[in-house]
1. Can you spot a residue in the stretch 45-53 that is in contact with a strand residue (DSSP E or B) (Cβ under 9 Å, 6 or more places away or on another chain), closer than 18 Å to Arg89 by Cα and part of a helix (DSSP H, G or I)?
2. Among the residues of the stretch 64-119, which ones are of a type in the set (D, E, K, R), assigned to a loop (DSSP other than H, G, I, E, B) and surrounded by fewer than 16 Cβ atoms within 10 Å (Cβ to Cβ)?
3. Take the conditions among the charged types (D, E, K, R), more than 15 Å from Ala20 (Cβ to Cβ) and either out of contact with any Pro (no Cβ under 7 Å at 6 or more places or on another chain) or touching a residue at least 24 places away in the same chain (Cβ under 8 Å) (or both) and apply them to Arg77. Does it pass?
4. Taking into account only those residues within the stretch 35-63 that are hydroxyl-bearing (Ser, Thr, Tyr) and more than 16 Å from Asp135 (Cβ to Cβ), which is surrounded by the fewest Cβ atoms within 10 Å (Cβ to Cβ)?
5. Among the small types (Gly, Ala, Ser) and within 20 Å of Phe39 (Cα to Cα): which single residue out of Gly78, Gly62 fits that description?
6. Looking at (1) under 25 Å from Tyr103 (Cα atoms); (2) of a type in the set (Gly, Ala, Ser); (3) at pLDDT 95 or above, can you tell me which one Gly9 breaks?
Amino acid sequence: MSRDAAAAGTHRAEGPGLAARVLIVDDEPAIGFALSEYFALRGYQIDCAEARLEAESLLSRGSYSILITDLSLSGSRGVEGLEILRTVRRNHPETRTVILTAYGSTSLEAAARRLGVDAFLHKPTSLGEIAQVFDRLLLGPGIDSSEGGALLDD
């Protein structure tokens, strides 16, 4: 990956075949960078956004295999991640969705579930655990996990 690609918020996986496209949305640059580096090294094609409008602009240009978004992009009370989820469900229903948040609650998780989120994860979650969620999402429908409720039934 080049510095120019990192600066532009886009990483492209190298090698043959078509990689799954992932959109990472987080207002914390360190988290976005860690996620993008990790998943680019795993062969995913990565785009990053730090705000809802930036994410929606990327979504208007094409579809993604997976969207992972922070719930709150403007402080602890924001729920922009739910708005992004609505946009994805309306325009790209085939995209698998993950919310990763430090500000989750039972009511927000229920709202995300009603909107069709595939997984609702609480920060901190290890990159390895997120990779396992991605692998399961790409292999089939959501699975209800009794350990933390990571994957939700479709």
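The values are calculated or read from the model by the stated rules, or taken from the named source; none is laboratory data. Remember, predicted model here, so these are calculated numbers, not experimental data. Note: ideal-geometry Cβ built from the backbone for every residue, glycine included; neighbour counts use all protein chains shown.
1. Yes, because at least one residue in the stretch 45-53 is in contact with a strand residue (DSSP E or B) (Cβ under 9 Å, 6 or more places away or on another chain), closer than 18 Å to Arg89 by Cα and part of a helix (DSSP H, G or I).
2. Kept after step one, since they are of a type in the set (D, E, K, R), are these residues of the stretch 64-119: 70, 77, 80, 83, 86, 89-90, 94, 96, 109, 113-114, 118.
Now restrict to residues that are assigned to a loop (DSSP other than H, G, I, E, B): 70, 77, 94, 118.
Result: Arg77, Glu94.
3. Numbers: among the charged types (D, E, K, R): yes; more than 15 Å from Ala20 (Cβ to Cβ): yes; either out of contact with any Pro (no Cβ under 7 Å at 6 or more places or on another chain) or touching a residue at least 24 places away in the same chain (Cβ under 8 Å) (or both): yes.
When the stated conditions are applied, Arg77 passes them.
4. At the first step, the residues of the stretch 35-63 found to be hydroxyl-bearing (Ser, Thr, Tyr) are 36, 38, 44, 57, 60, 63.
After this cut, where a residue has to be more than 16 Å from Asp135 (Cβ to Cβ) as well, the list is 36, 57, 60, 63.
Details: Ser36: 23, Ser57: 11, Ser60: 9, Ser63: 14.
Ranking the qualifying residues of the stretch 35-63, first place goes to Ser60.
5. Working: Gly78 fails: within 20 Å of Phe39 (Cα to Cα).
Exactly one of Gly78, Gly62 is among the small types (Gly, Ala, Ser) and within 20 Å of Phe39 (Cα to Cα), namely Gly62.
6. The single condition Gly9 does not satisfy is (3).
Residues are listed down the side, and each one gets a yes or a no for (1) among the aromatic types (Phe, Trp, Tyr); (2) at pLDDT below 95; (3) under 11 Å from the mean Cα position of the chain (by Cα):
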position	(1), (2), (3)
Ile31	no, no, no
Cys48	no, no, yes
Thr101	no, yes, yes
Leu108	no, yes, no
Asp118	no, no, yes
